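Let me begin by presenting the structure, written as structure tokens, before commenting on it.
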Amino acid sequence: MKSYSCLISIGVLSASLILSSGCSKPEVKVYDVAKGSSAATLPTAQTAPSSQQPDPISWTPAPQWKELPPTQFRKGNYLFTDDAGSAEITVTSFPGETGGLLANANRWLRQAGLPEIDQEQLEALAVEVDLNEEMSAVVLDLKAADKSESSSRVYAAVIPYRGQSWFLKMSGPFSTVQSQIPSFSSFVRGLRFGDDATSSADLAGSAHGEHLGDLAFTAPSGWVETEGNSIRIASYSIPQEGYPPADFAITSFPGDTGGLVANVNRWRRQIGLSPWDAAQVTAAVQSLENEAGLEFKVFELKPSNDSERSVTDEWIRVAIMEKAGKSWFFKLKGDAMLVDLQRDEFISLLESVHFSHEGHNH
């Protein structure tokens, strides 16, 4: 993560993901954005045309966040408290660009008592995160360079959608915000737009909303835990003499994240392979059920002909587990020979996966 000597650094997606262990069932909120709802207070904003009424957006707050009443501007309003203090998590939206990303970043910095930044710093450090094939968010992590437990921190995602700017923002003491970045990241990744928003709300009201506890597993011997980023539940490097280290990650998102074919082809593109059709995906899937009763769809994505082998020398071995309205992805990526050598270790990890209310044990 980069930092600046001017007492402020902006980073993105820097924490290791820890699953929430709260026991309450989260509630999905669905809102229709009112046209021009706040234009009077934002003179620089451009109101969405009347024919472009935005579709609903829905989200699922982390179960450990206490829900507060909405306000005039806050469509989502939550609070998380630990020994270090309280972090506010808010969802707001306004017409237009509300002055632009730099103006908003500096407004949040002023609110947190931190130095402002310039456009060059912003452009160098803001990171765009894909939410789906059409939507993306810009994520900012605004914090003091000393990173002391009591220093202020603002972690925010900005999403343009149908003439509106949506702001998902978390602010509070450094360590409190740090502890909630994994949940906040899942919060952002779990946003649903348009028809998907309604489906997401229906799903939360079904039995799929059950609380599973923390994901637990046993990492193979020789795998080295790494920091990863806030999208990852877990992150490991697999070193082996003579090969570049392979990378293993576990991630989780609400829903099916676009479906099996879309996910498989996204991973194939990552290593330069051509996409498969639905029949090819179905033919390639292998099924595995472990002792905990969890079912996995396992894929081995690798070059199958000389043309593909001339493009890449990497493989991806990945398993997909669907449970309680979420999808978990277990992905190993690296040199073809090393990924092949790690097959038994990969399967062993899947065999150990279970959900525990006792906390993480990996």
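The values are calculated or read from the model by the stated rules, or taken from the named source; none is laboratory data. Note that this is a predicted model, so its numbers are computed, not measured. In this analysis, Cβ positions are derived from the backbone assuming ideal geometry, glycine residues included, and neighbour counts consider all displayed protein chains. The accessibility values were calculated without ligands, DNA or RNA, using every heavy atom of the protein model including side chains. Shrake-Rupley method; radii C 1.70, N 1.55, O 1.52, S 1.80 Å.
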Exercise. Among the candidates A157, A105, A126, A137, which residue alone is among the aliphatic types (A, V, I, L, M) and more than 18 Å from the chain's Cα centre (by Cα)?
Worked result: A105
Exercise. What number goes with the only condition from (1) of a type in the set (S, T, Y); (2) part of a strand (DSSP E or B); (3) out of contact with any strand residue (DSSP E or B) (no Cβ under 7 Å at 6 or more places or on another chain) that S274 does not pass?
Worked result: (2)
For this session: Select from the stretch 337-362 the residues that are modelled with pLDDT of 95 or more and among the small types (G, A, S) and list them in ascending order.
Result: S348, S352
Problem set entry | Considering residues of the stretch 168-194 that are more than 17 Å from W108 (Cβ to Cβ) and of a type in the set (F, W, Y) only, the residue modelled with the highest pLDDT | F187
Exercise. Would you pick out the residues in the stretch 325-345 that are open to solvent by less than 10 Å² (accessible area, probe 1.4 Å) and either among the polar types (S, T, N, Q) or without any contact (Cβ under 8 Å) to a residue 60 or more places away in the chain (or both)?
Worked result: S327
Exercise. Could we say that L114 is within 23 Å of the chain's Cα centre (by Cα), open to solvent by 20 Å² or more (accessible area, probe 1.4 Å) and aliphatic (A, V, I, L, M) here?
Worked result: no
Exercise. Is the stretch 286-297 home to any residue that is in contact with a Phe, Trp or Tyr (Cβ under 7 Å, 6 or more places away or on another chain) and among the basic types (K, R)?
Worked result: no
Problem set entry | Which listed residue is under 23 Å from T60 (Cβ atoms), of a type in the set (D, E) and open to solvent by 10 Å² or more (accessible area, probe 1.4 Å), from E351, E308, E322, E291 | E322
Seminar exercise, completed: Scanning the stretch 156-185 for residues that are small (G, A, S), buried (at least 21 other Cβ atoms within 10 Å of the Cβ) and touching a strand residue (DSSP E or B) at 6+ places or on another chain (Cβ under 7 Å) gives A156, A157, S165, G172
Seminar exercise, completed: Filtering the stretch 115-158 for residues that are at pLDDT 80 or above and hydroxyl-bearing (S, T, Y) leaves a count of 4
Problem set entry | Test for E88: is it within 30 Å of G258 (Cα to Cα) and among the acidic types (D, E) | no
Exercise. When the stretch 308-328 is examined, which residues are found to be modelled with pLDDT under 95 and not charged (D, E, K, R)?
Worked result: S310, V311, T312, A324, G325, S327, W328
Problem set entry | Residues (among the hydrophobic types (A, V, I, L, M, F, W, C) and either part of a strand (DSSP E or B) or within 14 Å of D340 (Cα to Cα) (or both)) located in the stretch 286-313 | L288, F296, V298, F299, L301
For this session: Name every residue in the stretch 246-270 that is in a strand (DSSP E or B) and more than 26 Å from W223 (Cα to Cα), in order of residue number.
Result: P254
Seminar exercise, completed: Checked the stretch 96-111 for anything part of a helix (DSSP H, G or I), open to solvent by 20 Å² or more (accessible area, probe 1.4 Å) and out of contact with any helix residue (DSSP H, G or I) (no Cβ under 6 Å at 6 or more places or on another chain); matches are L101, A103, R107, R110, Q111
Exercise. Going through the stretch 231-245 one residue at a time, which ones are open to solvent by less than 50 Å² (accessible area, probe 1.4 Å) and not in a strand (DSSP E or B)?
Worked result: I231
For this session: Go through the stretch 314-340 and give me each residue that's aliphatic (A, V, I, L, M) and outside any helix (DSSP H, G or I).
Result: I316, V318, A319, I320, M321, A324, L332
Exercise. If you scan the stretch 122-151, which residues turn out to be open to solvent by 20 Å² or more (accessible area, probe 1.4 Å) and out of contact with any strand residue (DSSP E or B) (no Cβ under 7 Å at 6 or more places or on another chain)?
Worked result: E123, A124, N132, E133, E134, D146, K147, S148
Problem set entry | Unique residue being under 24 Å from the mean Cα position of the chain (by Cα), at pLDDT 75 or above and open to solvent by 10 Å² or more (accessible area, probe 1.4 Å) when the list is F217, F248, F253 | F253
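Matching residues to (1) under 22 Å from D344 (Cα atoms); (2) open to solvent by less than 50 Å² (accessible area, probe 1.4 Å); (3) within 27 Å of the chain's Cα centre (by Cα):
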site: G272; (1), (2), (3): no, yes, yes
site: P275; (1), (2), (3): no, no, yes
site: V281; (1), (2), (3): no, yes, yes
site: V285; (1), (2), (3): yes, yes, yes
site: E295; (1), (2), (3): yes, no, yes
site: F299; (1), (2), (3): yes, yes, yes
site: S304; (1), (2), (3): yes, no, no
site: D313; (1), (2), (3): yes, no, no
site: V318; (1), (2), (3): yes, yes, yes
